[in-house]
Amino acid sequence: MKKAKALVVTAAALLLTACSSSGGFQDTGDAGSASDAKLRLLVNVTPVLTKQFYEDLVKPYTDAHPGVTVSIEAPTAADVSATLQQQLAAGSPPDLVSGSLGRDTVPQLTALPEQQWVKDAPYAEQSRVGGAMWQAGSGNQVQSLVFYNKAAFAKAGITTVPKSLADLTAALVKLKGAGYVPTQTSGEWVTGAQVQMLGNVNVLNTAPDWFAQRNENKTSFAGSPWRQVLETYQGWVKQGLTPKDAMGLKYQDAIDQFLAGKSATFVMGGWFVPTADEAKKSFDVGVFAVPTLDGSPAPVAGNPSIPWSVTKSSKNQAAALDLLKFLVTDKDAVTKELKAEGNFRKGFDYEASALNKEVAAIVSGAPSTVVASNGQGDNSAPTGYNDEFNKLVQGLYLDQKPGTVLKSIDSWYTSNAK
Amino acid sequence: MITLFMLVPIALAGYLSFTDWDGLTPNPQGVGWANYSRLLHDADVGHAAVVTLIVTVVGTIACNAAGLGLALLLNRTSRLTAVLRAVVFYPYVIGPIIIGFLWSAILGANGAIAHLLGNAGHSPLPFLSDPAWAVGSIVAVVVWSQFGVNVVLYLAGLQTVPASLHEAAHIDGAGRWQTFRSVTWPLLAPSVTVNLVLVLVGLLRVYEIVLALTGGGPAGRTNTFAFLILSESFRSNHLGYGAAQAITLMVVIAALALGLTALRRRAEDAVSS
């Protein structure tokens, strides 16, 4: 009995300790020294942005700052955000974090100083939540592009790139007639991301703060151009303009199918450029901007590429901010970051491929830039939006009506918006 | 140690299930029973429960039928049976994530079977693209990865059946089926209980294979309960709600495991008496 009591008391004590401790959730970390620190960087690792890439990226900085050591950490959970969450709960958050972070992460980040170098960093201004900037990008990642097989277009008799979604649908029908899978998609996250790429330019072109409006229930998915976009997309599914077995394909399958010349178009972000350039293929790849519903010039939907933030609980605030400044302002570092994924930033040029130059021309010719995916800062969707959107949009492949899908998205959004 | 590694995490999950914690804010706010109430009306939870039920019921029956069947076939000593025992057990020691990716390369729309069918002039089968087929594929892969351990456990159970009883049955003129039904099966009761409970508990928590094979798709139709808990907790940052789901699953698992064990007790008592 005594033993049992002791166990209960121990459990209660441990539980109280666990609950009273706030782990890594500190109000503010120490300023520390900018010249003597051990910095931990939690980064987004991809086939292009490898651990080695980041180590090479920071080496010039550590060479110039012998007292500073940097360790690169890849996500150990599903993504950077989930890993940060776990590290915060465990009481060992990194000093800098690079990746897509939701608005609810902001309380754990240090507000960036109101200095020109921050304001000049891509999407720093758009990252504002409650008036403060939390994230600075190294470049602009375009997320509203249609890559196409030039040989397929020629074979189908398509001489000009589509300007409106109706033009694009007509082109896809011709491509099907020419024996191609008209447009490539797949399961996983790809379905939702592609529909967002088609939708964001058509929704945010007239209401750049659309997510902020939706957060305040001033607009809805069902009552916005999302409806026409989803109806168009479902038309593609019904007409067999997307692969019949799309939901059984993975992202890599979609890339392979397009680069093998089996499919004629591929709606994707600018990060696809290096992959397309490096692939051995029997045709030239071209690119055009995602068309608008009415055929008007399309804005570019973009996100910050390799965005950086400092965690509030970092004990090396000064050193972390100094490294962040290096990563978003140093000419060589920024150029390296841009080149890795084929991204852009005014004033930072690098030797680009022909395809990348086509993307650059789209960016410079676009009437405006709008936020991509789930938005930025105050103008962003609740955490989990991308996954939920993807899941619900895949319902179009299971004969769900666009109206039903949009109603479900609205319902989820309303119950999750803060 | 039990306190530290079992009771504290469970108590902490129980505490979090009554909060709105998002995993990022330092002070979770209490929400009473709201998470549990939401759970009862959440269509995603209902769907995940149905998928989990299908995987568990079909998987438990299939794992045990295949495990027992193969154990009976391999219950003899020869080099071939020794090799075959190792072969059937092998999938069990491979990580579930690897198994998921392996089978997605086989069953995917661009996978090995699709290529074989294509070469033979047939259309690919929608193993992972059609919701019903995808659930069936998950069940098949889960059974393939799990039943090796059932073979081993049933083989161990078969070793405990005295050879003298088989000989006596043979002398009395009993056929193979009669011997199995009247001698082997009753004496395997403890093994059956262990196998049923182990598989049941394992399948109620299926996560990694779903993650690697279908990612919950298409359209979330292959989300199992465990998959939903993880995505709710770490994709949507609803750790409080995810904790409520986890506590619910834990209670269901405990109730089913205890209920099944109690149900099997009569069969086991018959063996010992």
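Report yes if some residue within region A:65-79 is open to solvent by less than 20 Å² (accessible area, probe 1.4 Å), within 12 Å of chain B (Cβ to nearest Cβ) and free of Cβ contacts under 8 Å to residues at least 24 places away in the same chain; otherwise report no. Break it down into steps so the answer makes sense when it comes.
As a first pass, look at region A:65-79 and keep what is open to solvent by less than 20 Å² (accessible area, probe 1.4 Å): A:68, A:72.
Filter once more, so that each one left must be within 12 Å of chain B (Cβ to nearest Cβ): none.
No, region A:65-79 contains no residue that is open to solvent by less than 20 Å² (accessible area, probe 1.4 Å), within 12 Å of chain B (Cβ to nearest Cβ) and free of Cβ contacts under 8 Å to residues at least 24 places away in the same chain.
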*Sole exception among (1) out of contact with any helix residue (DSSP H, G or I) (no Cβ under 7 Å at 6 or more places or on another chain); (2) modelled with pLDDT of 95 or more; (3) within 14 Å of chain B (Cβ to nearest Cβ) for residue A:415, by number*: (2)
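Out of A:335, A:311, A:329, which single residue is modelled with pLDDT of 95 or more and either touching a strand residue (DSSP E or B) at 6+ places or on another chain (Cβ under 7 Å) or not assigned by TED's automatic domain parsing to the domain that holds residue A:102 (or both)?
Numbers: A:335 fails: either touching a strand residue (DSSP E or B) at 6+ places or on another chain (Cβ under 7 Å) or not assigned by TED's automatic domain parsing to the domain that holds residue A:102 (or both); A:329 fails: either touching a strand residue (DSSP E or B) at 6+ places or on another chain (Cβ under 7 Å) or not assigned by TED's automatic domain parsing to the domain that holds residue A:102 (or both).
Criteria check complete, one pass: A:311.
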*Say whether the condition of being part of a loop (DSSP other than H, G, I, E, B) and at pLDDT below 95 is met by at least one residue in region A:141-156.*
yes
*Tell me, please, whether a residue that is open to solvent by 30 Å² or more (accessible area, probe 1.4 Å), within 13 Å of residue B:209 (Cβ to Cβ) and without any contact (Cβ under 8 Å) to a residue 12 or more places away in the chain can be found in region B:89-96.*
no
*helices (runs of 4 or more DSSP H) wholly in region B:135-209 with at least 2 residues that are more than 28 Å from residue B:258 (Cβ to Cβ) - which ones?*
B:163-171, B:176-179
*For region A:80-90, enumerate the residues that are away from every other protein chain (no Cβ under 11 Å) and open to solvent by 40 Å² or more (accessible area, probe 1.4 Å).*
A:90
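Given the criteria closer than 24 Å to residue B:235 by Cβ and at pLDDT below 90, does residue A:98 qualify? Reasoning before the result, please.
On the way: closer than 24 Å to residue B:235 by Cβ: yes; at pLDDT below 90: no.
No; evaluated as a whole, the condition is false for this residue.
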*Among the residues of region B:92-108, is any away from chain A (no Cβ under 12 Å), more than 22 Å from the chain's Cα centre (by Cα) and among the β-branched types (Val, Ile, Thr)?*
no
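Here are B:237, B:223: which of them is within 14 Å of another protein chain (Cβ to nearest Cβ), of a type in the set (S, T, N, Q) and either outside any loop (DSSP other than H, G, I, E, B) or under 22 Å from the mean Cα position of the chain (by Cα) (or both)? Steps first, answer last, please.
Numbers: B:237 fails: either outside any loop (DSSP other than H, G, I, E, B) or under 22 Å from the mean Cα position of the chain (by Cα) (or both).
Exactly one residue qualifies, and that residue is B:223.
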*Given the conditions (1) without any contact (Cβ under 8 Å) to a residue 24 or more places away in the chain; (2) open to solvent by less than 10 Å² (accessible area, probe 1.4 Å), report the number of the one that residue A:266 does not fulfil.*
(1)
*Single condition residue B:169 does not satisfy, out of (1) modelled with pLDDT of 95 or more; (2) over 30 Å from residue B:106 (Cβ atoms); (3) in contact with a helix residue (DSSP H, G or I) (Cβ under 7 Å, 6 or more places away or on another chain)*: (1)
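Can you confirm whether residue B:32 is more than 19 Å from the chain's Cα centre (by Cα), within 25 Å of residue B:252 (Cα to Cα) and more than 14 Å from chain A (Cβ to nearest Cβ)? Steps first, please.
On the way: more than 19 Å from the chain's Cα centre (by Cα): yes; within 25 Å of residue B:252 (Cα to Cα): yes; more than 14 Å from chain A (Cβ to nearest Cβ): yes.
For residue B:32, the condition - more than 19 Å from the chain's Cα centre (by Cα), within 25 Å of residue B:252 (Cα to Cα) and more than 14 Å from chain A (Cβ to nearest Cβ) - is met.
The values are calculated or read from the model by the stated rules, or taken from the named source; none is laboratory data. All values derive from a computational prediction rather than experimental measurement. Cβ coordinates were reconstructed from backbone atoms using ideal geometry, including for glycine residues, and neighbour counts include every protein chain displayed. Each accessible area value is taken on the protein alone, full model and side chains, heavy atoms only, with ligands, DNA and RNA left out. Shrake-Rupley method; radii C 1.70, N 1.55, O 1.52, S 1.80 Å.
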